[in-house]
Each structure stands twice: as structure tokens, then as C-alpha cells.
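See structure below.
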Amino acid sequence: MNKQPKIGVLTDGSLGIPSLHALLQNKLVASIGLPDRRHDAINDIKQLTAAYHFDPVILSKPTLEQSLTRWIEDNQLDVVFVFTFPWRIPADVLNKVRVGFFNFHFGLLPQYRGANAIFPAIKNREPYGGITVHMMDADLDTGDILHIEKEAILPTDTYGMYSARLANLNIAVLQKILPGIFSGNINTVKQEEQNAAYYSKPVIDDISIKWELQTAEEIIALVNACNPWNKGAYTSLHDMPLRITEACISDEISETATIGEIIKIDTNGMHVQCIGHKNITLKIITIEEGIYSAQTFTHVCGIKSNARFKDLATLQQTSNK
């Protein structure tokens, strides 16, 4: 290449903010495109870009193809980095930049395709997640891979904690791939389709505890995967829907308790019987009225030992009768 390629950035979420900040600091951004949505991350991005005297181009879904084409042409973009974006980029637009569109997918490909790969990776108790940089094609998350950066998922990682770590890790990913993009030395590999899996947006069944099926470790992983974006995983107690926001392995054991039964309540929380050989301590509970420590929740709601948690689906079936 005779000149450094002009970089455009499409983004709409907090995962991309540290990377966008790094690119702006180093004066590597030619233009920024944002969807016409209103949420906290968009506001944060606008504040960041204003600090660098950037006026983002606002894009709308009905006119996305025309707007993106104009954005690329007006700014003479050579490459576009996508740090989470809500809409599929039209196939014809992908060919309008000289180097290409690169998606920074916050999950490992091809095993974790889909808009939210962090949730299922934590829920499935994967030892690693990470970031996959791939060239974009007409399908979702199927393009040739430029770079994979793995990051360990700790048993204590919540969705929020792990997301923040990946967001900051992506700065190092940029540092690794930018030299090749600047020099034109871009080496990609095909995805292994035999290992591919696609994860849709979680529905209520995906984020609800199944006491008769899930071990204590699996419940904790689900709770962590739902924190903070859903304020925890759904369950019910005394016909009251609630969310478990924080939990850990319990050292309390009962030979007689049934699955889902509260064995003991103490300053550590509610100790609950699970399948398998380990039980769980519920530490933080979220209900419509507020977020409580488990001990405060039991006091306020009059919960005693031997009360039994039930699946949310069971409560819904009962209420429909």
C-alpha cells in the first residue's frame, strides 16, 4: 500500500468504547457511524467522539444501504471496523471498501456465532471465550478469520465483568492486526463449519433455573451469565417470581432435603439443595421491589428453612390454570 488506509468505525455498544477511544487517541479514525438508537452506550460514545471533535454519522435501518454507501464514499474509506452493530450490513456494501469490513466478534468462532456470544459461553462453563476478528461476508459471523484472541472465563466471572475484560483486551487485538492492515499483509483462514454453532438472543427459558436438571455449578454459571443485564436468573419461591443475582457453592449438606429446598438460612445467605454432590448458597436476590441480600430478603418476605424453590415455568403453568 502506498498510503495508510482510512478507517471507518461502526459501533453501538459499550464493548467497542475502549477500542474506539484508542483509535481516536492515535488519530486513526476517519469517520464513525452510529445507529439511530437511544441507550446509555450510544450516549457514552457520543460524549467520547465529541471530546475528539468528531460528529458521528447517524444511520437508520430503512435506508442503511444507501446511507452506508454515501458514508463510505464521502469519507473515502478503505476499511471498516465493526465493534458490535445491530443490523446486518448489506452484501453490496461490503464490497465498496478497498480492504474490507472487519467484524470484532466478542466470542470464539465458529463455535459461538450470534450477536451475544458472551452469555452462552459463560452459561456453558467454557474455560475460554475471546475475540475473533473476521472479514464480513453476506452471512452472519461466517467470514474468513484474521485473528483469534482467547481469554479465560473464571468461575466467578459475571457477564459484566467478562465483557469489560474483553472490551479492554480488544485494544491489544487492534495492536496486533493493524500492522498487517496498514501493510496490506492480511492473512485469513476459513472457518471450520463442522465446529459451527449459532446462538440466538436468549429467551426466558434460557435464563431460568431448572432445579431438577441443573447442578449447583450450572446454576451459578447461569446466574453469572445473567448478571447484570437481566439482574440474575429467574426462579420462584412461594409462588413469587424472583431473580437470583449472586450465588456460590455451599458447604451445607442435607441427606433428606428435596431438590430446591432451603436447607439453612444464615448470614452467608440461603443454602439450597441441588442435584449432584454440591449445594448452592444464594447471596443476592432481586425482586420487583428491589435488590436484597439473601438474609434481608428472607426477613422481609418471611421466608423460612424448608421452603422450596420451583422453576419459573411451574409457576407460569399454575397461574394459567
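Whenever a residue of the stretch 62-85 is closer than 16 Å to ILE181 by Cβ, its partners that are of a type outside the set (S, T, N, Q) and in a helix (DSSP H, G or I), lying with C-beta atoms within less than 8 angstrom and at least six residues away or across chains, give the pairs LEU77/TRP71; VAL79/ILE181; VAL80/ILE72; PHE81/LEU23; PHE83/LEU15; PHE83/GLY16; PHE83/LEU20. Evaluating TYR292 against the criteria (1) within 30 Å of HIS147 (Cβ to Cβ); (2) surrounded by fewer than 19 Cβ atoms within 10 Å (Cβ to Cβ) leaves one unmet condition, (1). For ILE131, the criteria (1) surrounded by fewer than 20 Cβ atoms within 10 Å (Cβ to Cβ); (2) in a strand (DSSP E or B) hold in every case but one, which is (1). So is GLU217 assigned to a helix (DSSP H, G or I) and touching a residue at least 12 places away in the same chain (Cβ under 8 Å) or not? Criteria met by GLU217.
Can you pull out every residue in the stretch 3-44 that is of a type in the set (D, E, K, R) and either over 15 Å from ASN103 (Cα atoms) or not assigned by TED's automatic domain parsing to the domain that holds VAL80 (or both)? Spell out how you get there, then give the answer.
If we filter the stretch 3-44 for residues that are of a type in the set (D, E, K, R), which is where we start, we get 3, 6, 12, 27, 36-38, 40, 44.
Within the stretch 3-44, LYS3, LYS6, LYS27, ASP36, ARG37, ARG38, ASP40, ASP44 qualify.
Consider the stretch 46-55 and keep the residues that are loosely packed, with under 13 Cβ neighbours inside 10 Å and not aliphatic (A, V, I, L, M). The one that is farthest from VAL79 (Cα to Cα) is GLN47.
Taking the condition of being buried (at least 16 other Cβ atoms within 10 Å of the Cβ) and part of a loop (DSSP other than H, G, I, E, B), how many residues in the stretch 1-45 meet it?
Taking the stretch 1-45 and keeping what is buried (at least 16 other Cβ atoms within 10 Å of the Cβ), we get 5-24, 28-35, 41-42, 45.
Checking which are part of a loop (DSSP other than H, G, I, E, B) leaves us with 5-6, 12-13, 28.
Adding up the residues that qualify gives 5.
Answer yes if at least one residue in the stretch 222-241 is among the β-branched types (Val, Ile, Thr), under 21 Å from ARG125 (Cβ atoms) and surrounded by fewer than 20 Cβ atoms within 10 Å (Cβ to Cβ), and no otherwise. No - not one qualifying residue is present in the stretch 222-241. Among the residues of the stretch 194-210, those identified as within 19 Å of ILE287 (Cα to Cα), surrounded by 13 or more Cβ atoms within 10 Å (Cβ to Cβ) and not charged (D, E, K, R) are ILE207, SER208, ILE209. Residue count for the stretch 1-43 under the criterion of being more than 12 Å from VAL82 (Cβ to Cβ) and in contact with a Phe, Trp or Tyr (Cβ under 6 Å, 6 or more places away or on another chain): the result is 2.
What do you reckon, is ILE181 more than 15 Å from GLY100 (Cα to Cα), buried (at least 16 other Cβ atoms within 10 Å of the Cβ) and not polar (S, T, N, Q)? Let's see the steps before the verdict.
Numbers: more than 15 Å from GLY100 (Cα to Cα): no; buried (at least 16 other Cβ atoms within 10 Å of the Cβ): yes; not polar (S, T, N, Q): yes.
Considered against the rule, which asks whether it is more than 15 Å from GLY100 (Cα to Cα), buried (at least 16 other Cβ atoms within 10 Å of the Cβ) and not polar (S, T, N, Q), ILE181 comes out as no.
With respect to the stated conditions, GLN175 is of a type outside the set (A, V, I, L, M, F, W, C) and in a helix (DSSP H, G or I). For the stretch 93-117, enumerate the residues that are among the polar types (S, T, N, Q), within 21 Å of LYS61 (Cβ to Cβ) and over 13 Å from the mean Cα position of the chain (by Cα). Scanning the stretch 93-117 gives ASN95, ASN103.
The values are calculated or read from the model by the stated rules, or taken from the named source; none is laboratory data. Note that the structure is a prediction, hence the values are computed from the model and not measured. Every residue, glycine as well, gets a Cβ built from its backbone with ideal geometry; the counts of neighbours run over all protein chains shown.
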